[in-house]
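Down below is the structure, laid out as structure tokens.
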Amino acid sequence: MDLQKITHTWERVKEQKPLVHNITNVVVTNFTANGLLALGASPVMAYAKEEVADMAKLAGVLVLNIGTLNQQEVEAMIIAGQAANANQVPVVFDPVGAGATAYRTETARRILQEVDVTLLRGNAAEIAHVFGETWEIKGVDAGEDGSDQEKITLAHKTAKHFQTHVVITGKEDIVSDGSQTCLVKNGHPLLTQVTGTGCLLSSIIGAFLAVEKNVLLAGASALVTYGVAAQIAAEKTRQQGPGSFQIELLNQLAMVTKEDILRDGDVTLL
Ligand code: ATP
Ligand code: TZP
Ligand code: MG
Ligand code: MG
């Protein structure tokens, strides 16, 4: 995968400032809105079943996230998802905590059945549970990350089974369409010490999908850009803690340069 193509995709996000309609969780709402703004996208959070179809139609992408789900919100997600499908608006789905409870696993599968999801993004445990395998999980956090090969196999079969694209994140990230797969080795362990960094990433992938129809390219571009911004943020806050890192991540989502991405981006088409 060509880093020039990746920076070109990122530049188009900044130019086009796509509207990202999020139906997300209460933990990460503000962080997600600020992260999307820092990247150059335009966030909106809208949840009422009376308005979600109208908002999804207007948007460049719809992002669904079941982090603090309830029955009303799930109904709204399905209405929004079907409106997005009817209007060729791409849909990203983050099945937060799938596998932790039966309700989350069943809801994740229901959304995948009733909505045509363009890209499914989760940690390895969440994706495994959605697919129907068991994998260690602790609340919304993955247990063991798994080897690259295990994650690649899981991404392949999940993408094929649900006819979608899959991103599995962790120490290394994978994006797969069921046959072609990219491996991204950017990011920083401090990302695991700030809540919502996975949820924000799902919305950022959405912003890239709003400007790029090639889902593998959009996914890889988002993973590289986000991972490089995190690496620079970690470097800049080296003597400090996760609080400073969280703020610096927002700064770097706005300030990361083409040169940074070309220098530090680490992506391989397998
Ligand atoms: P979890 O709840 O298991 O933390 P998540 O939804 O927060 O899952 P992550 O897998 O943590 O999602 O991915 C979020 C971001 O953190 C991604 O950019 C990923 O590359 C990065 N990341 C996660 N773990 C590491 C790590 N050990 N080293 C470097 N980057 C990491
Ligand atoms: N509990 C329910 S949703 C949520 C928590 C802690 C946020 C999870 O965010 P992420 O991005 O998966 O770490
Ligand atoms: Mg995480
Ligand atoms: Mg998550």
Within segment 159-188, residues within 16 Å of ligand 4 (Cβ to nearest atom) and over 13 Å from residue 123 (Cα atoms) come out as 187
Checking 182, 199 in turn, the sole residue that is under 18 Å from the mean Cα position of the chain (by Cα) and part of a strand (DSSP E or B) turns out to be 182
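Every residue, every condition in (1) within 14 Å of ligand 1 (Cβ to nearest atom); (2) crowded, with 22+ Cβ neighbours inside 10 Å; (3) free of Cβ contacts under 8 Å to residues at least 60 places away in the same chain, yes or no:
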position	(1), (2), (3)
144	yes, no, yes
148	yes, no, yes
160	no, no, yes
171	yes, no, yes
180	no, no, no
210	no, yes, no
Selection from segment 249-260 of residues surrounded by fewer than 16 Cβ atoms within 10 Å (Cβ to Cβ) and either among the hydroxyl-bearing types (Ser, Thr, Tyr) or not in a helix (DSSP H, G or I) (or both) yields 257
In segment 1-13, residues that are part of a helix (DSSP H, G or I) and either modelled with pLDDT under 95 or on the phi > 0 side of the Ramachandran plot (or both) total 0
Filtering segment 107-131 down to residues that are touching a residue at least 60 places away in the same chain (Cβ under 8 Å) and more than 15 Å from ligand 2 (Cβ to nearest atom) yields 118, 119
Taking the condition assigned to a helix (DSSP H, G or I) and within 20 Å of residue 11 (Cβ to Cβ), does residue 246 pass?
no
Here the residues within segment 96-123 that are out of contact with any Ser or Thr (no Cβ under 8 Å at 6 or more places or on another chain) and within 16 Å of ligand 3 (Cβ to nearest atom) are 96, 97, 100
Checked pairs for segment 247-260, first modelled with pLDDT of 95 or more, second polar (S, T, N, Q) and surrounded by 15 or more Cβ atoms within 10 Å (Cβ to Cβ), C-beta under 7 Å and 6 or more apart or across chains, list as 248/237; 250/34; 256/225; 258/7
query: Would you call residue 143 modelled with pLDDT under 95 and either out of contact with any strand residue (DSSP E or B) (no Cβ under 8 Å at 6 or more places or on another chain) or under 17 Å from residue 270 (Cβ atoms) (or both)?
result: no
### Query
Given the structure, is residue 198 under 30 Å from residue 87 (Cα atoms), within 14 Å of ligand 3 (Cβ to nearest atom) and of a type in the set (Gly, Ala, Ser)?
yes
Within segment 222-238, residues being in contact with a Lys or Arg (Cβ under 9 Å, 6 or more places away or on another chain) and within 16 Å of ligand 4 (Cβ to nearest atom) number 1
Does residue 134 satisfy the criteria of being without any contact (Cβ under 8 Å) to a residue 40 or more places away in the chain and either in a helix (DSSP H, G or I) or under 17 Å from the mean Cα position of the chain (by Cα) (or both)?
no
Query - Filter result for residue 209 (in a helix (DSSP H, G or I) and more than 16 Å from ligand 4 (Cβ to nearest atom)) - result: yes
Considering residues that are among the β-branched types (Val, Ile, Thr) and either surrounded by fewer than 15 Cβ atoms within 10 Å (Cβ to Cβ) or more than 26 Å from residue 23 (Cβ to Cβ) (or both), the number found within segment 105-142 is 1
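The values are calculated or read from the model by the stated rules, or taken from the named source; none is laboratory data. Bear in mind that the values here come from a model prediction, so they are computed numbers and not experimental data. Methodologically, a virtual Cβ is constructed for each residue, glycine included, from the backbone with ideal geometry; neighbour enumeration extends over all protein chains shown.
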